[in-house]
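Structure first, then comments.
The values are calculated or read from the model by the stated rules, or taken from the named source; none is laboratory data. Quick caveat: nothing in here was measured; it's all calculated off a predicted structure. Cβ atoms come from the backbone with ideal geometry, glycine included; neighbour counts cover every protein chain shown. Side chains included, ligands, DNA and RNA excluded: accessible areas come from the protein's heavy atoms. Shrake-Rupley method; radii C 1.70, N 1.55, O 1.52, S 1.80 Å.
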Amino acid sequence: MTKILVGTRDGLFAFDLAGHRTSRDHDGRPVTSIMRDGSQLWAIVDRSEIWHAPDGRWRHVTTLEGLEASCITMTDAVHVGSSEARLFRLAGSVLEPVEAFDVVEGRGSWFTPWGGPPETRSISEWGSDVYVNVHVGGILHTEDGGAHWDPTIDIDADVHQVATAKGLVVAATAEGLATSSDRGATWTLRADGLEARYARGVAVYGEQVLVSTSSGPRGGRAAVYRAPLAGGSFERCRGGLPEWFDDNIDSGCLDALNDGSYAAFGTADGGVYGSDDGGHAWNELVTGLPPVNHVLIVPD
């Protein structure tokens with residue numbers, strides 16, 4: 001049974017596609033990132049603990065000391081991004097720093113608009129190509145298991161999430177959707193049809209791409225848009241949705257199955273919406289959850 005996992009500020013919830021809750025874990029604790037590796041699940045709990053559910057039961061694996069864990073992804077191994085723009089590789093129960101990432105070209109120019117340290121915000125892969133998004137530091141690329149990293153997009157693009165599909169790299173940026181068909185060597189900015197360009201989330205939905213945008217960091221006129229993955233103008237998703245959302249539909253809160261069979265997103269006011277028709281029509285599946293941090297669709 002396909003299910004939707006929703007990480008919130010107060011636990012991890014699982015729902016079926018009708019919106020019926022099937023489980024709740026990590027009560028009273030924020031779950032900020034969830035990842036699937038086949039039938040196994042991984043999660044970041046309390047911004048520092050790494051948990052693993054190989055058989056449906058959650059077990060604590062390790063804790064990242066002195067930093068906040070921000071994202072978790074499986075490439076050739078489990079990787080965890082963190083505050084201070086660090087990247088770690090899980091070896092058994094030890095998080096080992098990826099040393100080449102710590103000395104990558106351009107690191108000294110990474111920043112945040114508010115003056116704090118940057119963070120590793122999202123990670124995606126396609127085959128041997130791995131892309132790591134730093135906020136604000138652009139997107140770093142490796143093709144040799146992390147031994148060497150190359151900067152790709154200009155850091156001023158202000159990337160909030162990177163994703164991959166069919167050899168394409170797509171990125172939600174402060175000016176719309178950036179796409180690359182040459183592994184990040186060059187980028188094209190797509191914004192036609194977006195009524196607000198500040199993009200926070202991105203997901204590939206079969207032959208479509210979905211992005212969440214708003215007027216800026218504090219939200220306003222937030223919505224989800226759809227467009228052909230190959231190119232063309234964006235269309236605002238309207239069926240079954242409010243005219244606008246007040247708050248950003250954030251990075252990690254928008255997910256879709258690559259075969260195009262289902263998409264879902266969660267909101268800051270605790271709602272979850274789902275679509276099974278390419279994003280034309282949406283159903284409000286859940287209301288009243290704590291603010292949503294992450295959404296992950298787990299197929300049959």
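Assigning unit charges at the beta carbon (Lys, Arg +1; Asp, Glu -1) and nothing else, what dipole magnitude in debye, to the nearest 20, does segment 105-263 show about its Cα centre?
Working: 12 positive and 22 negative charges, 78 e Å.
So the dipole magnitude of segment 105-263 works out to roughly 380 debye.
In loop segments of segment 198-245 as defined by DSSP, the GluC sites (Glu not before Pro) with at most 15 further C-beta atoms inside 10 Å of their C-beta are GLU207, GLU243.
Pairwise Cα separations in segment 211-269 fall into 5 Å bins from 0 onward with the following percentages, short to long: 4, 17, 27, 28, 16, 7, 1.
Here segment 1-134 is treated as an ellipsoid with the same Cα gyration tensor; its semi-axes, largest first and in whole Å, are 27, 16, 14.
For the chain, what is the relative contact order in percent, using Cα pairs closer than 8 Å and at least 6 residues apart in sequence?
Numbers: 871 pairs, mean separation 39.3, N = 300.
Reported as a whole number, the value is 13 percent.
For n ≥ 4 DSSP H runs only, could you compute -39500 (n - 2.57) per run for the chain, divide by its residues and tell me the 222 nm figure to the nearest 500?
0 deg cm²/dmol
Charge tally for GLY145 (other residues, Cβ to Cβ under 12 Å; Lys, Arg +1; Asp, Glu -1): -4.
Toward the positive end of the charge dipole of segment 163-277, with +1 on the Cβ of Lys and Arg and -1 on the Cβ of Asp and Glu, the farthest Cα among GLY206, GLY184, GLY220 is that of GLY184. With the convex hull of its Cα atoms as the shape, segment 169-228 has an orientation-averaged projected area of 3.8 nm².
Between ARG221 and ASP150, the modelled labels are 3.8 nm apart [label points 7 Å from Cα along Cα→Cβ]. Surface composition of the chain: carbon and sulfur atoms hold 45% of the protein heavy-atom accessible area at a 1.4 Å probe. The H on the amide N of VAL61, modeled in the peptide plane, is under 5 Å from the matching H of ILE50, TRP51, HIS52, each at least 5 residues off or on a different chain.
How big is the convex hull of the Cα atoms of the chain, per residue, in Å³?
On the way: hull volume 35.3 nm³, N = 300.
Cα-based convex hull of the chain, divided per residue, equals 118 Å³.
Near LEU194, the amide H atoms lying under 5 Å from its own belong to PHE234; only residues 5 or more places off or on other chains count, and H is placed 1.01 Å from N.
Charged neighbours of VAL159, selected by a Cβ distance under 13 Å, balance to -3 (K, R count +1; D, E count -1).
What do you reckon, how do ILE155, ILE249 stack up by accessible area (1.4 Å probe), largest on top? It would help to have the intermediate numbers written out before the result.
Values: ILE155 35, ILE249 5 Å².
The residues order as ILE155, ILE249, largest area first.
Couplings 3J(HN,Hα) of segment 126-134, computed from phi: 9, x, 8, 8, 10, 10, 10, 9, 10 Hz, in residue order, whole Hz [Karplus 6.51 cos²θ - 1.76 cosθ + 1.60, θ = phi - 60°; x for Gly and Pro].
Sorted from longest to shortest, the spans of the Cα atoms of segment 62-121 along the three principal axes equal 35, 22, 17 Å.
Using the heavy atoms of the protein chains alone and a 1.4 angstrom probe, what is the accessible area of the chain per residue in square angstrom?
On the way: 12430 Å² over 300 residues.
Using a 1.4 Å probe on heavy atoms only, each residue of the chain averages 41 Å².
Roughly how compact is segment 135-277, stated as its Cα Rg over 2.2 N^0.38 Å to two decimals?
Working: Rg = 14.6 Å, N = 143, 2.2 N^0.38 = 14.5 Å.
Here the Cα radius of gyration is 1.01 times the empirical estimate.
Couplings 3J(HN,Hα) of segment 284-291, computed from phi: 7, 8, 9, 10, x, 6, x, x Hz, in residue order, whole Hz [Karplus 6.51 cos²θ - 1.76 cosθ + 1.60, θ = phi - 60°; x for Gly and Pro].
The H on the amide N of ASP10, modeled in the peptide plane, is under 5 Å from the matching H of VAL31, each at least 5 residues off or on a different chain. Note on ASP192 and ASP129: their simple-model spin labels are 2.3 nm apart, each label 7 Å out from Cα toward Cβ.
Defining a contact as two alpha carbons under 8 Å apart and six or more residues distant in sequence, what relative contact order in percent does segment 204-297 show?
Numbers: 236 pairs, mean separation 24.3, N = 94.
The normalised contact order for segment 204-297 reaches 26 percent.
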